[in-house]
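Structure, as structure tokens:
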Amino acid sequence: MSGPILFQPLDIRGVTLPNRIVVSPMCQYSARNGYATAHHSVHYGKFALGGAGLVFVEATGVTQNGRITNGCLGLWEDGQGEALQPIAHFLKQNGSVPAIQIGHAGRKASMQRPWHGNGPQTEEDIARGDFIWEALAPSALPLDDGWLTPTAMSKKDLADLKSSFAEASIRAVKAGFEVIEIHMAHGYLLQSFLSPLSNIREDEYGGSLVGRMRYPLEVVDVVRAAIPEGMPLFVRISSVDGIEGGWEMDNSVTFVKELKARGVDVVDCSSGGNSTKGATNSSLKRGAGFQAPYAERIKREANIMTQAVGLIRDPKFAEKLLCDDAADLIAVGRQFLYDPSWAVHAAEKLGQTGNFEDWPEQYGWWLEKWDKSLRAMGETP
Ligand SMILES: Cc1cc2nc3c(=O)[nH]c(=O)nc-3n(C[C@H](O)[C@H](O)[C@H](O)COP(=O)(O)O)c2cc1C
């Protein structure tokens with residue numbers, strides 16, 4: 001097939017993505033008791049109208065106490081799946097593949113919305129009507145001074161949470177999502193099992209690398225078993241903690257080989273987040289595609305499809321990552337907040353289209369004529 005790889009379809013199991021552009025999961029902190037609101041419909045809908053191939057709905061808690069903030073989405077009851085259904089339907093109807101990230105916040109649960117401080121909740125948050133709840137984690141180690149000391153999960157907690165992951169996955173499928181991603185990054189529960197910085201358990205779920213990988217892999221097994229055979233399963237990892245003594249790239253390669261053996265199709269390669277001191281991302285210097293080398297190495301050494309993410313804004317750069325075989329998919333976050341039509345704009349920049357045929361029909365017919373008028377006036381869009 002000729003033309004930019006960015007705009008070539010990709011088959012993953014029984015699903016065909018129309019292009020390689022992914023809207024990265026981005027919490028909106030705008031849910032009510034875990035239920036999607038009008039904000040979510042408008043927010044996600046924009047990206048489908050803007051031509052993204054795969055649109056991820058944000059980190060969604062599989063239990064009520066697995067939410068990051070009071071404003072996070074949930075899938076712990078059927079009504080929440082029903083509230084997400086029109087969103088999945090709209091995405092699909094407008095040419096995007098609807099996807100959702102599910103997870104548990106672990107020791108980072110019950111924190112503030114970013115614009116209220118992005119730290120542990122305070123009296124001010126309670127005064128706003130929010131509430132604080134118990135955080136669960138592999139070990140009773142707070143993220144940092146002043147954060148909740150989580151309760152170390154019992155064997156029953158572990159078993160119950162696996163059931164919650166399975167039930168949430170089934171609700172996601174019923175809601176019409178065609179791709180599920182398990183959140184195993186950024187210091188949330190499943191990554192905190194992996195990292196020796198946050199997991200000091202002495203049972204079979206801690207200690208050696210094999211022990212620390214055990215619970216996240218068990219979660220993969222229950223999710224894979226709960227969803228249809230033809231449904232792609234993604235996992236987002238923190239490729240490195242970026243903190244001395246923490247999770248390293250060699251560990252990621254070993255872990256991803258295990259993920260692949262259990263039926264994971266794509267690994268979404270992020271980093272960091274397991275300590276406020278280590279910032280929200282790794283200590284790696286920020287720059288265009290700064291996490292893409294993780295996607296490249298994991299793709300090569302674990303022989304699996306990868307998704308690159310992190311400061312990817314220029315379509316030509318995105319295309320180069322694909323041409324260099326550094327990744328199979330390009331996830332874009334903040335640039336999509338800035339320009340929800342980034343995907344159709346990228347097509348124009350790569351010379352893929354110039355006549356607005358990729359735009360929604362409600363817009364394209366008008367924009368083509370508008371473009372002609374602009375050009376006659378010596379202007380361009
Ligand atoms: C508002 C916002 C919310 C985010 N929420 C999530 C989330 O729910 N799950 C997740 O894995 N990453 C989340 N992230 C991280 C993004 O998915 C992405 O990895 C990060 O922003 C880097 O990509 P970018 O430079 O293209 O924005 C969030 C980022 C932003 C800006």
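The values are calculated or read from the model by the stated rules, or taken from the named source; none is laboratory data. These figures come from a predicted structure and were not determined experimentally. Every residue, glycine among them, receives a Cβ derived from its backbone with ideal geometry; neighbour counts consider all protein chains shown.
Given the criteria buried (at least 21 other Cβ atoms within 10 Å of the Cβ) and outside any loop (DSSP other than H, G, I, E, B), does Val219 qualify? So Val219 passes the test. Among the residues of region 59-71, write down those that are crowded, with 23+ Cβ neighbours inside 10 Å, within 13 Å of the ligand (Cβ to nearest atom) and not hydroxyl-bearing (Ser, Thr, Tyr). Ala59, Gly61, Gly66, Arg67, Ile68 - these are the residues of region 59-71 that are crowded, with 23+ Cβ neighbours inside 10 Å, within 13 Å of the ligand (Cβ to nearest atom) and not hydroxyl-bearing (Ser, Thr, Tyr). From the list Cys323, Cys269, the one residue that fits, being closer than 22 Å to Val179 by Cβ and in contact (Cβ under 8 Å) with a residue 24 or more places away in the chain, is Cys269.
Against the numbered list (1) at pLDDT 95 or above; (2) away from the ligand (no atom under 11 Å from the Cβ); (3) over 22 Å from Gly129 (Cα atoms); (4) small (Gly, Ala, Ser), Ser24 comes up short only at (2). Scanning region 116-125 for residues being without any contact (Cβ under 8 Å) to a residue 12 or more places away in the chain and in a helix (DSSP H, G or I) gives a total of 2. Beta carbons closer than 9 Å, at least 6 apart along the sequence or on distinct chains, pair a first residue in region 44-68 that is under 16 Å from Gly187 (Cα atoms) with a second that is acidic (Asp, Glu) for Asn65/Glu134.
Of everything in region 72-105 that is closer than 24 Å to Val219 by Cβ and part of a loop (DSSP other than H, G, I, E, B), the residue that is farthest from the ligand (Cβ to nearest atom) is Glu77. Of all residues assigned to region 128-150, none qualifies as being under 25 Å from the mean Cα position of the chain (by Cα), within 16 Å of the ligand (Cβ to nearest atom) and hydrophobic (A, V, I, L, M, F, W, C).
Consider region 154-164 and keep the residues that are surrounded by 17 or more Cβ atoms within 10 Å (Cβ to Cβ) and in contact with a Ser or Thr (Cβ under 9 Å, 6 or more places away or on another chain). The one that is nearest to Arg107 (Cα to Cα) is Leu161. Residues that are more than 9 Å from Ser341 (Cα to Cα) and assigned to a loop (DSSP other than H, G, I, E, B) within region 38-57 comprise just one, Gly53. Scanning region 241-269 for residues that are in a loop (DSSP other than H, G, I, E, B), farther than 23 Å from Ile102 by Cβ and among the aliphatic types (A, V, I, L, M) returns a single hit, Ile243.
Put simply, of Met231, Met213 the only residue that is crowded, with 17+ Cβ neighbours inside 10 Å, modelled with pLDDT of 95 or more, of a type outside the set (Gly, Ala, Ser) and assigned to a loop (DSSP other than H, G, I, E, B) is Met231. Scanning region 106-115 for residues that are within 13 Å of the ligand (Cβ to nearest atom) and outside any loop (DSSP other than H, G, I, E, B) yields a count of 4. Helices (runs of 4 or more DSSP H) fully within region 279-362 that include at least 1 residues being within 14 Å of the ligand (Cβ to nearest atom) and farther than 17 Å from Ser238 by Cα: 315-323, 334-338, 342-349. Just one residue in the set Leu148, Leu141, Leu91 is surrounded by 23 or more Cβ atoms within 10 Å (Cβ to Cβ) and of a type outside the set (Lys, Arg); that residue is Leu91. In this structure, Ala109 qualifies as at negative phi and touching a residue at least 24 places away in the same chain (Cβ under 8 Å).
For region 129-170, the set of residues classified as aliphatic (A, V, I, L, M), over 21 Å from Leu197 (Cβ atoms) and part of a loop (DSSP other than H, G, I, E, B) consists of Ile132 only. Within region 298-353, restricting attention to residues that are surrounded by fewer than 22 Cβ atoms within 10 Å (Cβ to Cβ) and among the β-branched types (Val, Ile, Thr), the residue that is farthest from the chain's Cα centre (by Cα) is Thr353. Residues of region 98-147 that are among the hydrophobic types (A, V, I, L, M, F, W, C), within 24 Å of Ile182 (Cα to Cα) and in contact with a Ser or Thr (Cβ under 8 Å, 6 or more places away or on another chain): Ile100, Ile102, Met111, Trp133, Ala135, Leu136, Ala137, Ala140, Leu141, Leu143.
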